[in-house]
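As structure tokens, the structure follows; a few thoughts come after it.
The values are calculated or read from the model by the stated rules, or taken from the named source; none is laboratory data. Please read all numbers here as calculations on a predicted model, not as lab measurements. In this analysis, Cβ positions are derived from the backbone assuming ideal geometry, glycine residues included, and neighbour counts consider all displayed protein chains. In case anyone asks, the SASA skips ligands and DNA or RNA and just uses the protein heavy atoms, side chains included. Shrake-Rupley method; radii C 1.70, N 1.55, O 1.52, S 1.80 Å.
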Amino acid sequence: MKERFTVGMARNIFYGGGVFFFLVFVGLSFGTVRDLPKRDNSQNLTPQVAMGKKVWEENNCIGCHSLLGEGAYFAPELGNVYLRRGPDFIKSWIQSQPTEVAGRRQMPQFNLSEAELDAVVAFLKYTSGIDTANWPPNIEG
Amino acid sequence: MTYTSQSVARLYFIAALGLFAGQILFGLIMGMQYLVGDFLFPLVPFNVARMVHTNLLIVWLLFGFMGAAYYLVPEESEQELHSPFLAKLLFWVFLVAGALTVVGYLSVPYATLAKITGNSLLPTMGREFLEQPTLTKLGIVVVALGFLYNIGMTILKGRKTAITLVLFVGLLGLALFFLFSFYNPDNLVKDKFFWWWVVHLWVEGVWELILGAILAFILIKVTGVDREVIEKWLYLIIAVTLITGIVGTGHHYYWIGTPEHWQWIGSIFSGLEPIPFFMLMVFAFNMVNKRRRQHPNEVASLWAVGTAVMAFLGAGVWGFLHTLSPVNFYTHGTQITAAHGHLAFYGAYVMVVLAIISYAMPILRGRTANGPRAQGLERRGFWMMAIAMIVITLALTGAGVMQVWLQRMGATPLGFMQTQDELRVFYWLREGAGLLFFVGLLAYFGSFLVKDEARVAV
């Protein structure tokens, strides 16, 4: 095997295989981007939702929470929090932080304006409308 | 040291190890916050600690990769580095940019950092692992370009080996895929879809080429096995890496609003991803068994073989554990992911950087290998850190299994925070193991300070 199978052949498998499967992946990705509108709830992507996403990002919410299962695992999943808790609870929860209960995990006070709070709620509502193939397994996230 | 310009690697290695220590400190803080929720609050909220922990990891591994490249490319190319001055300049640019970013994380609220760095002009912040201000991201691109130019010119001028070519392809891919971090659409599904083009195609794609190239270099040096044999293995391993790993990105596309055929594609291809890690392990053991000489730096061989074993466990076994979509449906976004993340990053990337440092640092300090006392201490550091990381992984796996059971299965699932209260014993175990890791790290650092007779002859 050592004589028959040369370094050159191994190298060709690497370059050939790498390029081939990258192209396959790019092709699959094109297909996905084309089909996304069926699942991604983009029809409800309003300017307010976009603003909410920015508030979400600029306060680093993903540093504690997960969103559709991605992020940190220190605080609850928020992809479906709109369905679990509803809009009013979300707003008043964010406003009343931190709880300052001794020994409990604390969420900072972000001093969001009324418009920013509404935008975050709109963003989480939009997120809860994304078709995630029935994930998470139950409402607890 | 064969070429004087290799000495720039020393700067990079020292910075890498310093930042590594910082990463572990913040890991310990977070581990404590899992147990005592308001620990250091509001001084260091969890999200800030996590950002510092993960970003320091990425930055110090990049320092390690760059140091490795500056060390091994001149030797492989039989050529002085194209521009040692550029290498030193970029070192300081990267270090200062990195330090300023971390100071920013720690000193002002993240929203303020976003404002003063002009995130509105090109919003890229606030996504996991890509939290750096857009300005820092641009700095990373500039450093990467200068680095690739320097390394590329050196390779072009000299002998071209499989190791330098594979390393260069890996580094080039690293730079190219990072560009997707500048794409942040309002559409969350699209954002997440292309976020993985940075994160997955880095750690389960091009970084593995860098890992393979560095490991192959070390094995050639410490075993004296024919380059021919090692190069063949290297190409085969990374070929299988890319064949399985690129389309394997699909295992992140199960539940984020992407079409459901990804459940099949992702499961099949990522189910094969352990194979290259298994090959890497067979390769490392084989080469060490076939060694033609006993290199005096024995602990470097230990790191090299250890990398292959721990990478197989962390990336291969723990990855496979939750990669099939019917399993992942329950485990997605739980402590299982954290368990896998810790062992995979430690086994594959932390250890390969420590392996090249273990091999190269004595040479950069003017000796073939450290003396027996220094190597003994380094060996103790190796084992303490390895065992600690395995215990951390087992503890988080236990926490994850229980979390899935309590929160996601059964007729009366508990809420997230209630579930967390039930996992405390695992989190204590993790924090204890984290302290052992830190002691191991101190022992490892101590091995650099031991003064005993260096072994010179090969």
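B plus A alone minus the pair: what accessible area, both sides summed, probe 1.4 Å, in Å² to 100?
The contact between A and B buries close to 6700 Å².
Report, by chain and number, residues whose modeled amide H sits under 5 Å from the one on A:Glu77, excluding near sequence neighbours (fewer than 5 apart, same chain).
A:Ser66
Hey, can you list the residues from the stretch B:28-53 whose accessible area shrinks by 50 Å² or more with all protein chains present, relative to the chain by itself (probe 1.4 Å, no ligands or nucleic acids)?
Going by heavy-atom accessible area, the residues of the stretch B:28-53 that drop by at least 50 Å² are B:Tyr34, B:Gly37, B:Asp38, B:Phe41, B:Phe46, B:Asn47, B:Arg50.
What's the local net charge at B:Asn370, with K and R +1, D and E -1, over the other residues with C-beta under 14 Å away?
The answer is +3.
Give the distance, in whole Å, between the Cα centre of the stretch B:99-140 and the Cα centre of the stretch B:175-249.
Taking the Cα centre of each part, the stretch B:99-140 and the stretch B:175-249 sit 26 Å apart.
At 1.4 Å probe radius, can you tell me the per residue accessible area of the stretch B:214-458 in Å²?
Heavy-atom accessible area per residue stands at 36 Å².
How many Å³ per residue does the convex hull of the Cα positions in the stretch B:1-160 occupy?
111 Å³
Looking at the stretch B:390-408, which residues lose a minimum of 10 Å² of accessible area between their chain alone and all protein chains in place, measuring with a 1.4 Å probe and not counting ligands or nucleic acids?
Listed by number, the residues meeting the 10 Å² cut-off are B:Gln407, B:Arg408.
Scan chain A and hand back the longest stretch that contains none of the GluC sites (Glu not before Pro) lying in DSSP loops with at most 15 other Cβ atoms within 10 Å.
With a cap of 15 other Cβ atoms within 10 Å, the longest stretch comes to A:4-99.
Shape call for the stretch A:42-128 from the C-alpha gyration tensor, a ≥ b ≥ c root eigenvalues: rounded (a/c under 1.5), prolate (a/b greater than b/c) or oblate?
Since a/c reaches 1.5 and a/b is larger than b/c, the shape of the stretch A:42-128 is classed as prolate.
With a point put 7 Å past each Cα toward its Cβ, work out how far B:Asp226 is from B:Leu436 in nm, to one decimal.
About 4.3 nm separates the two model spin labels.
Once the other residues with Cβ under 14 Å from the Cβ of B:Ile275 are scored (Lys, Arg +1; Asp, Glu -1), what is the net sum?
Every neighbour counted, the sum reads -3.
Using the heavy atoms of the protein chains alone and a 1.4 angstrom probe, what is the accessible area of the stretch B:1-160 per residue in square angstrom?
Each residue of the stretch B:1-160 exposes 37 Å² on average to a 1.4 Å probe.
Ignoring ligands, DNA and RNA, what percent of the accessible area of the stretch A:42-128 is carbon or sulfur (1.4 Å)?
Roughly 55 percent of what the probe reaches on the stretch A:42-128 is carbon or sulfur.
Given only helices, namely DSSP H runs of n ≥ 4 each adding -39500 (n - 2.57), what is the per-residue ellipticity at 222 nm of chain B, to the nearest 500 deg cm²/dmol?
Only helices count here, giving -23500 deg cm²/dmol.
Compute the accessible area of each residue in the stretch B:254-290 twice, once for its chain alone and once with every protein chain present, using a 1.4 Å probe on heavy atoms, and list those whose area falls by at least 30 Å².
Relative to the lone chain, where solvent access is computed with a 1.4 Å probe, the stretch B:254-290 loses at least 30 Å² at B:Trp255, B:Gly257, B:Pro259, B:Glu260, B:Trp262.
Taking every pair of distinct Cα atoms and averaging 1/r, then inverting, what Kirkwood hydrodynamic radius in Å comes out for the stretch B:214-458?
Across the stretch B:214-458, the inverse of the average 1/r is 19.7 Å.
Please identify the helices of chain B, taking whole runs of DSSP H, that span at least 27 Å along their own axis as judged from the Cα atoms and have a mean Kyte-Doolittle score of 1.6 or higher.
Those that clear 27 Å and a mean of 1.6 are B:84-107.
Report, to the nearest 10°, how far helix A:114-128 tilts away from the longest principal axis of the Cα atoms in chain A, using its own Cα long axis and a range of 0 to 90°.
Once rounded, one gets 50 degrees.
Once label points are set 7 Å from the Cα along Cα→Cβ at both B:Glu453 and B:Val142, what is their separation, rounded to one decimal in nm?
5.1 nm
Would you pull out the residues with amide H under 5 Å of B:His82's amide H, same chain only if 5 or more places away, H placed 1.01 Å from N?
Hits under the 5 Å cutoff: B:Thr154.
What accessible area per residue, rounded to a whole number of Å², is obtained for chain A using a probe radius of 1.4 Å?
Solvent-accessible surface per residue comes out at 48 Å².
Determine the equivalent ellipsoid of the protein assembly as shown by diagonalising the alpha-carbon gyration tensor, then write out the semi-axes as square roots of 5 times the eigenvalues, largest first, rounded to whole Å.
40, 26, 24
So, with a 1.4 angstrom probe, what is the percent of accessible area on the stretch B:1-160 that is carbon and sulfur?
Carbon plus sulfur share of accessible area: 75 percent.
If I take R0 = 51 Å and measure r between the Cβ atoms of B:Glu260 and B:Leu28 in this structure, what FRET efficiency does the formula 1/(1 + (r/R0)^6) give, to the nearest 0.05?
0.80
Please work out the FRET efficiency for the pair B:Lys157 and A:Asn134, using the Cβ-Cβ distance as r and a Förster radius of 56 Å; give the result to the nearest 0.05.
0.45
In the stretch A:23-54, whose amide N lies under 18 Å from the spot 7 Å out along Cα-to-Cβ of A:Glu114? List them in ranges.
The answer is A:48, A:52.
Could you tell me what percent of the accessible area of the stretch B:214-458 is made up of carbon and sulfur, with a 1.4 Å probe and every protein chain present?
Here it works out to 69 percent.
Given a Förster distance of 45 Å, report the FRET efficiency between A:Arg4 and B:Thr368 from their Cβ-Cβ distance, rounded to the nearest 0.05.
0.75
Give the cross-link partners of B:Lys157 among the aspartates and glutamates, using a straight C-alpha distance below 19 Å as the criterion and excluding same-chain residues fewer than 8 apart.
Result set, ordered by chain and number: B:Glu75, B:Glu76, B:Glu78, B:Glu80.
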